[in-house]
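The values are calculated or read from the model by the stated rules, or taken from the named source; none is laboratory data. Not measured: the values here are computed from a predicted model. Cβ coordinates were reconstructed from backbone atoms using ideal geometry, including for glycine residues, and neighbour counts include every protein chain displayed. Just so you know, the surface numbers come from the protein's heavy atoms only, side chains and all, with ligands and any DNA or RNA stripped out. Shrake-Rupley method; radii C 1.70, N 1.55, O 1.52, S 1.80 Å.
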Amino acid sequence: MEKVFYITTPIYYVNAEPHLGHAYTTVVADFLARWHRLDGYRTFFLTGTDEHGETVYRAAQKAGEEPQAFVDRVSQRFRKAWELLGIAYDDFIRTTEERHKRVVQRVLQRVYEAGDIYYGEYEGLYCVSCERFYTEKELEGDLCPIHGRPVERRREGNYFFRMEKYREWLIDYLQTHPDLIRPEGYRNEVLSMLSEPIGDLSISRPKARVPWGIPLPWDEAHVTYVWFDALLNYVSALGYPDDPRYATFWPQAWHLIGKDILKPHAVFWPTMLKAAGIPMYRHLNVGGFLLGPDGRKMSKTLGNVVDPFALTEKYGRDAVRYYLLREIPYGQDTPVSEEALRARYEADLADDLGNLLQRTRAMLFRFAEGRIPEPVPGEELEEGTRLAGRLRGLVRDLRFHVALEEVMAYVKALNRYINEKRPWELFKEDPGEARAVLYRVVEGLRIASILLTPAMPDKMAELRRALGLREEVRLEEAERWGLAEPLPLPQEAGVLFPKEAPREAAKGSREGQTEGTKEDRSISIEDFAKVELRVAEVVAAEKHPNADRLLVLRLSLGNEERTVVSGIARWYRPEELVGKKVVLVANLKPAKLRGVESQGMILAASEGDKLALVTVEGDIPPGALVK
Ligand code: MSP
């Protein structure tokens, strides 16, 4: 049977800028989509924006803009945020699109014709921010439990959906499908909501009061209530009812939501589906709140939001993604802060993972001629091949933070393994065994990088590139030992998670732009003086015996000669170099490049495909300092 996966986020109201609370659910959805793609599932990932209703209409008025122009603009901000965070959605639906409106009207008509919609009068306590009426029991004191603001008593002519009629059916469905709503605490909450009458649902607003919405197909004087409109995005985006994507993906739908929108998704939506003759979704996954520094739900109204744009700019998208997934136990309220992000960045990403890559590369150049050694069995590190299986279970159970914790524990074990085996000492007695140790570490890194790909897609591709491994991977490759091939590593690789970069970037970020940006990138004269640059004359040059890209140069420094290996074979023939005066970094630690020790490095300028050596004019003798 084909493996299929459909994942949705809530569609976000366009009355406010995206904040980290919105970003969280979207990152979780992207993680799940990438995880399933990696595991061979045919996957569809939907997100979008919720653009109708009273709150949005008021926000547009307040901004002094036409509603359509306003929603176009704010919807773009969400797209932009998701682009910055590397969110690879398959579709972005907007409820003001024709394809969506058509489906809403079609479903309304069908439910109306079936007799499940009637006209009546409603009176109740309404929170305009939530776009919903509250029962007195639900209020906190006299205030809206979410916004802490006064509610209004309202009375108006509405159409109603016969929701109460489906209450018993829904209870029954929840009892026979215990994993429909997860984590379990939220399922119990819904069952308790359903233990008393839920009443019928008002699903329209008089157009005279709220002109911004989808007209009811049988009565143009009313527009559709925003929830009845919005929930249908999950099927309209799939091209309900005729598009084959609907038939393929809908039965495997996983919804991700925040706990504040539990009732619409756990009560309105299932009963709407039932009345419309659409089968039920597969899972409703309920996340907790991200809490601001004040310990309250992060929200624009409370003014305690963390800006995902600034964080991404400062730490990089993968660090933000990793932090959210690693730190927050799914379903629980969790405080978040930049300090906590930085701590994770430094400990987990820079010190454990980034450092592991860097020392592994350094040792491969020193002890294995800059290539991955021949495959050997994995000994205790082969344990890593069992992680994928365990992670499948954890991801299915929404325990993402534990999944990442397990991979990072393995990364720590790889670091420990190096410390215990001490390849630098081993190399002196038994170079073969030293290379075997390094091979196991590379394999471990390869496996860890695959498992971390859904959380950090860019950085893990970069990590694999730095080891000369293939960038494209599948999850099952993490279940097999010995797939790293004995190929050379690229000479250059940046630091995966630089510790200093975040601070520098912070200064340069849009909001934080201040004078001093230039100074902050600068080094002191003492720093510069640490680099010993000298004029060196090429006295001999030949091709490297084991590498086409490399030349081996013999350089004179006047009273001393050096051998230097340089990756310039594409641009210079050995014979044309002899006699040139070049600039040598003379106090660089020696390194073996494909079997030949290089005692320093010569400078060259390059841009794209071009390269030119830095040479010294005039009558300067070899050995002279360059400063
Ligand atoms: N438009 C509706 C959803 C319609 S879905 C058919 C809506 N939009 S929203 O923009 O207000 O919220 C979208 C989601 O963001 C909700 O799941 C909400 O829980 C989530 N979050 C908003 N603030 C949040 C936190 N501080 N923490 C975690 N999630 C938060 O509701």
Semi-axis lengths (Å, descending) of the ellipsoid that matches the C-alpha gyration tensor of region 111-177: 27, 19, 9
Summing +1 for each Lys or Arg and -1 for each Asp or Glu, what net charge is found among the other residues whose Cβ lies under 11 Å from the Cβ of L391? 0
Relative contact order, percent, of region 335-479 when contacts are C-alpha pairs under 8 Å separated by at least 6 residues? 31 percent
Could you go through region 126-139 in sequence order and give the Karplus-derived ³J(HN,Hα) for each residue, using 6.51 cos²θ - 1.76 cosθ + 1.60 with θ = phi - 60°, rounded to whole Hz, and x for Gly and Pro? 10, 9, 5, 5, 7, 6, 8, 7, 10, 7, 4, 4, 6, 6
What distance in nm lies between label points placed 7 Å from Cα along the C-beta direction at H177 and A540? 7.9 nm
Relative contact order for region 4-287: what percent, with Cα pairs under 8 Å and sequence separation of 6 or more? 22 percent
Kirkwood Rh over alpha-carbon pairs of the chain plugged into Stokes-Einstein at 25 °C, 0.890 mPa s gives a D in µm²/s of 87 µm²/s
Just need the Rg to Rh number for region 564-627, please, alpha carbons only, Kirkwood Rh. 0.96
Which one, P373, L469, I418, projects farthest toward the positive side of the charge dipole computed for region 335-479 from Cβ point charges (K/R +1, D/E -1)? L469
Rounded to the nearest Å, the spacing of the alpha-carbon centers of region 304-335 and region 12-66 is 16 Å
Leaving out ligands, DNA and RNA but keeping every protein chain, what accessible area does K80 have, in Å² rounded to the nearest 10, with a 1.4 Å probe? 90 Å²
Contour minus Cα-Cα span, S192 to E152, at 0.36 nm per residue, comes to 11.8 nm
Under 5 Å between amide H atoms, partner at least 5 residues away or on a different chain: which partners does L593 have, H built in plane at 1.01 Å? S598
Using per-residue counts of other Cβ atoms within 10 Å, averaged over each peptide, order 123-129, 453-459 from highest down. 453-459, 123-129
If you scale each eigenvalue of the Cα gyration tensor by 5 and take the root, what three semi-axes come out for region 404-476, rounded to whole angstrom and sorted largest first? 25, 14, 9
When every protein chain stays in place and a 1.4 Å probe is rolled, W424, W218, W227, W250 sorted by accessible area with the largest first are W424, W218, W227, W250
By accessible area of protein heavy atoms, probe 1.4 Å, what ranking do W254, W169 get, highest first? W169, W254
To the nearest 10 Å², what's F92's accessible area with a 1.4 Å probe? 10 Å²
Taking Cα pairs closer than 8 Å and at least 6 residues apart, the relative contact order of the chain in percent is 11 percent
Using a Förster distance of 60 Å, the FRET efficiency for R102-E379 (Cβ separation, nearest 0.05): 0.50
Suppose every K and R has +1 on its Cβ and every D and E has -1 on its Cβ; what is the size of the dipole of region 4-287 about the Cα centre, in Debye to the nearest 20? 420 debye
On Cα atoms only, tilt of 387-396 relative to the major axis of the chain in degrees: 20 degrees
Helix 184-194: inclination vs the chain longest Cα principal axis, degrees, rounded to 10, gives 10 degrees
May I ask which residue of A604, F5, V71 lies farthest towards the positive end of the charge dipole of the chain, with charges of +1 (Lys, Arg) and -1 (Asp, Glu) on Cβ and the Cα centre as origin? A604
Semi-axes, largest first, in whole Å: what does sqrt of 5 times each Cα gyration tensor eigenvalue give for region 38-112? 26, 22, 8
Can you work out the accessible area per residue across the chain, with the rest of the protein chains kept in place, probe 1.4 Å, in square angstrom? 45 Å²
Based on the alpha-carbon set only, what is the convex hull volume of region 335-479 divided per residue, in Å³? 109 Å³
List the lysines whose Cα sits under 29 Å from the Cα of K412, skipping any in the same chain fewer than 8 residues away. K314, K421, K428, K459, K499, K589, K592
With DNA, RNA and ligands ignored, accessible area of Y173 (1.4 Å probe; Å², nearest 10): 50 Å²
Which angle from 0 to 90°, rounded to the nearest 10, does the C-alpha axis of helix 355-367 make with the longest principal axis of the chain? 30 degrees
Per 10 angstrom bin, beginning at 0 and ending with the bin that holds the maximum distance, the Cα pairs of region 4-287 fall in percents of 6, 28, 39, 23, 4, 0
Diffusion coefficient in µm²/s returned for region 1-137 by Stokes-Einstein, Kirkwood Rh over C-alpha pairs, 25 °C and 0.890 mPa s, is 142 µm²/s
For the chain, the dipole about the Cα centre with charges only on Cβ (Lys and Arg +1, Asp and Glu -1), to the nearest 20 debye, works out at 500 debye
So, with a 1.4 angstrom probe, what is the percent of accessible area on region 335-479 that is carbon and sulfur? 46 percent
Sum of -39500 (n - 2.57) over DSSP H runs of 4+, divided by residues of the chain (222 nm, nearest 500): -11500 deg cm²/dmol
